[in-house]
């Protein structure tokens with residue numbers, strides 16, 4: 001295990017999971033053959049009958065929060081009922097947070113929350129944000145959240161801003177994330193997760209308020225990988241794809257050696273739910289402004305524990321698969337990335353832009369921008385990114 005700890009740098013920040021050493025977005029991105037975990041021969045070891053006991057999280061106390069609320073936030077969140085209780089306890093407090101996404105006035109925006117069910121019978125949390133009554137809906141936008149995030153909290157403000165511009169916005173929490181059922185932070189099969197999201201979005205497209213309208217899909221960080229997999233599975237079902245700081249290739253300088261990948265693959269079979277990977281705090285790399293970095297800590301139901309072994313393998317598989325299919329990305333495409341992002345590489349977004357077969361593609365890089373360009377930047381940068389998204393959507397809706 002020592003070799004694995006020295007070679008891997010996985011953790012679960014607010015919006016992503018792979019920490020890389022920073023490289024200038026100006027230098028050339030070199031090609032590297034990414035090992036395929038599926039091609040590794042299975043190692044023959046006896047599987048121990050070990051059952052891991054899950055304990056309450058022992059994260060740092062949230063600054064400025066009462067002891068009672070910190071106690072609520074630090075309870076065991078492995079299962080959905082606990083996450084739902086904690087979210088209910090914090091929902092009024094969230095509205096008072098000093099962040100532009102919580103302070104914007106979007107009076108009249110209609111919201112709805114419900115639980116859909118996937119084909120395996122799991123409850124999946126869904127939410128919609130619709131324009132004010134009487135305002136025409138231009139199109140629908142479905143959102144895929146990041147690994148250490150949820151479809152509520154920060155996205156509430158993002159969704160309201162886009163809905164105010166005439167779009168019906170929809171989002172879901174993946175199984176095991178946010179308010180949906182499933183073991184917290186556990187991805188047993190990335191393609192299965194993608195299929196779960198497709199199920200819910202397919203149902204959403206049939207809702208009366210948006211039936212027959214154009215539909216776009218947007219993903220942030222790991223949600224970018226989910227979005228790309230959805231597009232690759234159903235390339236003709238979306239009118240456009242928006243990617244924000246997408247995780248679509250593991251940066252070369254954090255790709256573990258082949259021997260470590262083999263060990264990781266074995267551990268994911270033996271102890272798939274075990275939290276094996278050391279947590280490394282990289283919020284300072286995700287949020288440029290200190291105040292907004294502190295605000296992120298109030299998203300108390302986001303996954304902040306060490307990464308589970310199967311989850312790590314599934315994310316590696318997913319990004320490896322995406323990297324081999326970048327040329328198959330054919331939808332109208334908008335990619336948004338901070339030039340100073342040290343979590344996901346802006347050079348990879350440049351590579352996606354160059355290799356995709358889309359004839360309608362735009363890459364926007366934001367000077368000095370960190371990973372969370374929609375949450376952690378100065379207010380004017382956040383509003384610029386939001387305006388760029390709405391402008392791009394408007395131009396595709398009214399092009400004909």
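The values are calculated or read from the model by the stated rules, or taken from the named source; none is laboratory data. Everything quoted here is computed from the prediction, not taken from an experiment. A quick note on method: Cβ atoms are made from the backbone with ideal geometry, for glycine too, and the neighbour counts reach across all protein chains shown.
Among residues of the stretch 375-389 being in a helix (DSSP H, G or I) and touching a strand residue (DSSP E or B) at 6+ places or on another chain (Cβ under 8 Å), the one that is surrounded by the most Cβ atoms within 10 Å (Cβ to Cβ) is 389. Just to check your reading of the model, which residue among 149, 221, 180 is within 13 Å of the chain's Cα centre (by Cα) and on the phi < 0 side of the Ramachandran plot? Result of the check over 149, 221, 180: 149. Would you check which residues across the stretch 122-151 are farther than 26 Å from residue 185 by Cβ, assigned to a loop (DSSP other than H, G, I, E, B) and in contact (Cβ under 8 Å) with a residue 40 or more places away in the chain and list them? Correct list: 137, 138.
Scanning the stretch 343-361 for residues that are in contact with a helix residue (DSSP H, G or I) (Cβ under 7 Å, 6 or more places away or on another chain), part of a loop (DSSP other than H, G, I, E, B) and at pLDDT 95 or above yields 356, 357. Can you confirm whether residue 361 is in contact (Cβ under 8 Å) with a residue 24 or more places away in the chain, within 18 Å of residue 328 (Cβ to Cβ), surrounded by fewer than 20 Cβ atoms within 10 Å (Cβ to Cβ) and touching a strand residue (DSSP E or B) at 6+ places or on another chain (Cβ under 8 Å)? Yes.
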